[in-house]
Amino acid sequence: MPESNYERMIRLVDEVFAVKNDPTQLDVDQEVLERLKKLHAASVSEYDAGNGPVAWLLVIPTTHDLMLRFLEKEISEKELFDLTPENAEYDALYLCSAIVLEEYRQKGIIKQLAFTAIEEIRKDHPLNSVFTWPFTREGELASEAIARMASLPLYKR
């Protein structure tokens, strides 16, 4: 039996981010997903083409101070997540992760998911910047395009 889209997505996450081998990265599980949604409902997005997810996007709304600490490598990705307070005013957005199955790439799915997430978060928070820690050239290009679409400065680790 062929792998489901969900199984392929999980495998792709493991291949790209290798979080099991890096304790400083955010290892996303159900508890992390629930806390992300508490930070803001738009923190977790997926695109389903009809037979399961083909794209996932995670963003972390946070503070400017935590963004700077992360960019300066004073704190890890996991610490950024853990230190981000709930029910705070967020002025920075971390473009945490974006995964798309190969046959769905270059179709603007992640850009649209991100733009929608940013617009939803902006309804509640005064976002002034976005930041990223790109693992691939595609991720870097997507982050740049997302920042342009949202008219926000982009900072890279």
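Find all pairs meeting these conditions: Cβ atoms under 8 angstrom apart; at least six residues apart or on different chains; first residue within the stretch 79-98 and surrounded by 15 or more Cβ atoms within 10 Å (Cβ to Cβ); second residue of a type in the set (Lys, Arg) and not in a strand (DSSP E or B).
Close Cβ pairs (under 8 Å, with a partner that is of a type in the set (Lys, Arg) and not in a strand (DSSP E or B)) amount to Leu80/Arg69; Phe81/Arg35.
When only residues in the stretch 26-47 that are under 11 Å from Ala117 (Cβ atoms) and of a type in the set (Ser, Thr, Tyr) count, which is surrounded by the fewest Cβ atoms within 10 Å (Cβ to Cβ)?
Out of the qualifying residues, it is Ser45.
If you scan the stretch 49-68, which residues turn out to be assigned to a loop (DSSP other than H, G, I, E, B) and either modelled with pLDDT of 95 or more or buried (at least 22 other Cβ atoms within 10 Å of the Cβ) (or both)?
Thr63
Identify the residue in the stretch 99-120 that is buried (at least 20 other Cβ atoms within 10 Å of the Cβ) and assigned to a helix (DSSP H, G or I) and, among all such residues, is farthest from the chain's Cα centre (by Cα).
In this case the residue turns out to be Ile109.
Just a yes or no: is a residue in the stretch 29-42 hydrophobic (A, V, I, L, M, F, W, C) and assigned to a loop (DSSP other than H, G, I, E, B)?
no
The values are calculated or read from the model by the stated rules, or taken from the named source; none is laboratory data. Because the structure is a prediction, the values reported are computed rather than measured. Note: ideal-geometry Cβ built from the backbone for every residue, glycine included; neighbour counts use all protein chains shown.
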